1. Counting just the residues of the stretch 387-425 that are touching a strand residue (DSSP E or B) at 6+ places or on another chain (Cβ under 7 Å) and part of a helix (DSSP H, G or I), which one comes out nearest to Phe453 (Cα to Cα)?
2. Within the stretch 394-409, can one find any residue that is surrounded by fewer than 20 Cβ atoms within 10 Å (Cβ to Cβ) and hydroxyl-bearing (Ser, Thr, Tyr)?
3. Can you tell me which of (1) assigned to a strand (DSSP E or B); (2) modelled with pLDDT under 95 is the one Lys205 doesn't meet?
4. Across the stretch 63-83, which residue is surrounded by the most Cβ atoms within 10 Å (Cβ to Cβ) among those that are more than 44 Å from the chain's Cα centre (by Cα) and part of a loop (DSSP other than H, G, I, E, B)?
5. On the basis of being under 30 Å from Glu382 (Cα atoms) and part of a loop (DSSP other than H, G, I, E, B), does Pro519 make the cut?
6. Please identify the pairs in which a residue from the stretch 431-444 that is within 16 Å of Phe482 (Cα to Cα) has its Cβ atom under 7 Å from the Cβ atom of a residue that is surrounded by fewer than 19 Cβ atoms within 10 Å (Cβ to Cβ) and modelled with pLDDT under 95, counting only partners at least 6 apart or on another chain.
7. Quick one: which of Trp184, Trp193 is closer than 21 Å to Ile81 by Cα and out of contact with any strand residue (DSSP E or B) (no Cβ under 6 Å at 6 or more places or on another chain)?
8. Is it the case that some residue within the stretch 694-704 is part of a loop (DSSP other than H, G, I, E, B), at pLDDT below 90, hydroxyl-bearing (Ser, Thr, Tyr) and surrounded by fewer than 18 Cβ atoms within 10 Å (Cβ to Cβ)?
Amino acid sequence: MKNLLLLFIFTFFTTLLSFGQVPPNDLIQNATLVTESPFVETDVRLDLSSPSTGGQTGCDLLDTPVVYYKFTAIANYNISIAVEDGWGYDNGETLSILYSAPNLNVTDESQLTAVSPCTYGNIIDLPVTAGTNYYTLVSRIGGGTFWSDVIIDIPQEVSANERSALIDLYNNADGANWANNNNWNTSEPISSWHGVTVKDGHVSKINLRWNNLTGTIPESISTALAFLENADFGFNYLSGIIPDFSIIPTIIQLDVSSNIYSFQDLETHYTNNTSISTFNYQFPKPIDTEDSFDGVIGDNYTLTMTPVNGTNVQYQWYKKRTNYYDPSDEPIAGANSSTLNIVNLQEEDMDIYFCKATSPIITDLEIDRNPININGPISEAELNALAAIYYSTNGDNWNNNTNWLTAEPISTWHGITISGNKVSGIDLNGNNLTGTLPPEIGDFYGLEVLALFYGNNISGNLPPEIGNLTELRILDVGDNNFTGEIPASYANLTNLRGFWFNDNQLSGEVPDFVATNYPNMTFFYISNNNFHGVLPDFTSLQNLLSVNISNNHFYVSDFANEFNDYLNLQYGWSNSNYYSPQTTLDLPENQSLLEGEDIYLTVSESIERYGNTRRAQVLQWYKDNVLIPGANTNPYIITNATMADSGSYHCVITDTDIPDFEIFRAPIVVDVTLGIHENELQDFQIYPNPTNSFLYIKRPTNIEATINVYDINGRLILNQTIINTLNEINLSKFQSGMYILEYKTNEVKIVKQIIKQ
């Protein structure tokens with residue numbers, strides 16, 4: 001879930017900064033003709049427009065980057081011109097200048113005469129004269145590379161017949177209570193009515209989406225608005241027969257989605273309206289009120305759904321389950337009417353129920369009844385398990401522990417979802433959980449969601465008891481500090497849709513059952529762990545959207561046969577970040593030696609792996625993150641070493657057939673010193689290492705020395721001069737991880753690996 005969000009943000013901003021074209025109307029002869037009101041042009045790259053050739057009377061803008069729009073005023077009204085960011089506000093200095101012109105075929109800017117002030121401002125509002133030709137100049141200086149929206153409002157009126165149809169809509173759909181009814185049912189020009197666009201004197205667009213419309217769409221909207229192109233009534237509360245919009249020759253889009261229409265409301269003109277290029281009517285609002293009551297064992301109950309009007313409407317009752325990329329609600333056998341009778345209620349009947357109505361005529365539409373929750377007390381085992389989680393993960397210090405361990409209903413405890421008489425969801429992500437997960441985590445027999453990712457720091461092994469949670473759909477324990485292997489009991493989690501174990505310290509091989517026992521799996525994320533070995537084959541999973549194995553210990557031979565299949569996933573391996581980089585199983589090393597000795601740099605043997613022959617590979621050694629020419633062997637030997645050879649070494653293995661795949665060997669920190677300074681090397685101390693905050697450097701001399709600290713990528717992140725025999729280095733603001741400390745005087749260089757906890 002979070003990974004998708006990060007992917008979206010990365011993709012969005014990459015696209016935003018990488019694309020853009022010169023506006024076609026940056027020359028006077030290419031000015032855009034404005035025929036509708038309000039006129040909106042979005043994503044205009046004003047920063048790429050050509051500079052003005054100047055010569056305008058009253059406001060000469062020589063060399064200013066500009067774009068032009070033109071129109072002929074059809075009435076004596078005030079017009080407005082505004083420039084905004086796509087974010088809804090102005091950025092940079094904006095010019096919006098209105099000029100009169102002899103005609104709309106101007107070819108030279110000297111033919112323009114300013115009729116508005118020649119001053120900066122992102123909005124102008126001034127009168128125009130009917131029959132006069134105008135050019136609007138827009139410029140934006142200092143706005144950066146982001147796009148602008150240009151909005152020009154030139155009031156236009158329509159015929160009495162079209163005005164009357166809009167008033168019908170206002171009256172039929174309870175216009176007085178709309179979220180925005182600005183200027184509706186007034187004498188103001190129709191183009192100023194909220195959501196209405198007028199083009200060449202006719203209503204061309206109606207956009208009243210999310211506007212609290214109730215009631216019906218009058219037939220006059222389809223019979224009187226003969227030039228209507230787009231009508232959007234989505235996400236309101238409309239009902240009644242939908243008029244036949246197909247009779248409008250210009251119509252290209254009709255949206256009535258997410259309202260409260262019945263099948264019958266759609267059926268009347270369904271065939272004709274489906275001939276429109278875009279006809280959206282899906283996702284109707286659920287009907288009836290959501291209900292919840294305490295069930296009594298042994299009693300009888302009748303659950304009802306208001307019958308939906310339509311031809312041969314069919315019904316199916318369900319027990320509600322977590323839907324994640326693949327519907328998993330549990331249908332109730334034989335429950336095929338608008339009522340559901342529950343006789344002699346038992347504990348297993350306590351659940352969340354709802355009903356779906358479908359139509360054989362409109363097959364892609366479902367109308368749902370709002371849920372009915374038959375409540376019961378959760379079991380003592382589940383109550384004790386919640387308490388165990390609280391105490392085991394330091395609940396007193398959670399970011400949010402509202403109502404936990406109180407007498408308030410369990411459904412009000414932060415992060416807990418109850419279905420009937422069982423806990424169905426535990427969502428405590430970003431909540432500062434520490435400690436370990438208790439074995440009681442396996443006592444929630446109806447649990448469908450376990451989400452503990454991000455902003456927690458749970459440690460220890462993954463509890464094998466999670467394997468008892470056979471109803472589990474979502475298992476997200478990413479961004480914690482779990483260790484050990486994936487328990488064999490997790491083979492029982494056959495309902496899993498999402499599997500996020502990324503950003504932990506898990507190890508071992510990925511068990512085969514994750515590819516064979518989870519047929520509905522959509523996401524499999526294990527990046528940033530210590531897994532190794534042959535990756536299970538996921539290619540048979542029909543619902544799979546993404547696999548992320550980066551930053552583990554995998555070789556190409558571990559997944560080579562499936563690589564091309566993973567390229568084609570929705571979030572596929574065309575982005576190498578999903579499979580690369582990897583690291584070898586080698587641990588970081590420190591080598592201390594004297595000048596004249598040889599340095600031996602090795603990487604663990606990787607030609608044979610579990611009987612699989614490695615593919616063609618290239619090995620390259622680096623020193624302090626800089627490539628060493630010709631260093632392509634294993635081992636790589638530096639003979640007769642000098643102090644200049646001190647530093648951090650690593651190697652990178654690439655595969656010639658897999659793009660951007662890299663395997664890194666953990667750093668080898670080499671410290672070469674002069675023999676005459678052996679005493680100084682012996683007495684040189686760094687402590688404590690690892691450290692949580694301060695690092696102390698003790699040495700036998702007080703001569704001036706330089707301390708440099710580098711991260712594992714070779715970036716210098718601290719530089720400090722020391723002159724005392726005991727010196728303090730503050731690492732409290734460093735992130736946890738491994739760093740390289742370099743100590744240098746005119747005669748001695750010492751390199752040490754340090755760990756910040």
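The values are calculated or read from the model by the stated rules, or taken from the named source; none is laboratory data. Everything numeric in this text was worked out from a predicted model, so none of it was measured. Note: ideal-geometry Cβ built from the backbone for every residue, glycine included; neighbour counts use all protein chains shown.
1. The selected residue is Ser392.
2. Looking for residues that are surrounded by fewer than 20 Cβ atoms within 10 Å (Cβ to Cβ) and hydroxyl-bearing (Ser, Thr, Tyr), one finds at least one in the stretch 394-409, hence yes.
3. For Lys205, the exception is condition (2).
4. Restricting to residues being more than 44 Å from the chain's Cα centre (by Cα) and part of a loop (DSSP other than H, G, I, E, B), the top hit is Tyr77.
5. Answer is yes for this residue.
6. That search, which allows pairs on different chains as well, returns Asn432/Gly455.
7. Values: Trp184 fails: closer than 21 Å to Ile81 by Cα.
Selected residue: Trp193, the only one of Trp184, Trp193 that is closer than 21 Å to Ile81 by Cα and out of contact with any strand residue (DSSP E or B) (no Cβ under 6 Å at 6 or more places or on another chain).
8. Scanning the stretch 694-704 turns up at least one residue that is part of a loop (DSSP other than H, G, I, E, B), at pLDDT below 90, hydroxyl-bearing (Ser, Thr, Tyr) and surrounded by fewer than 18 Cβ atoms within 10 Å (Cβ to Cβ).
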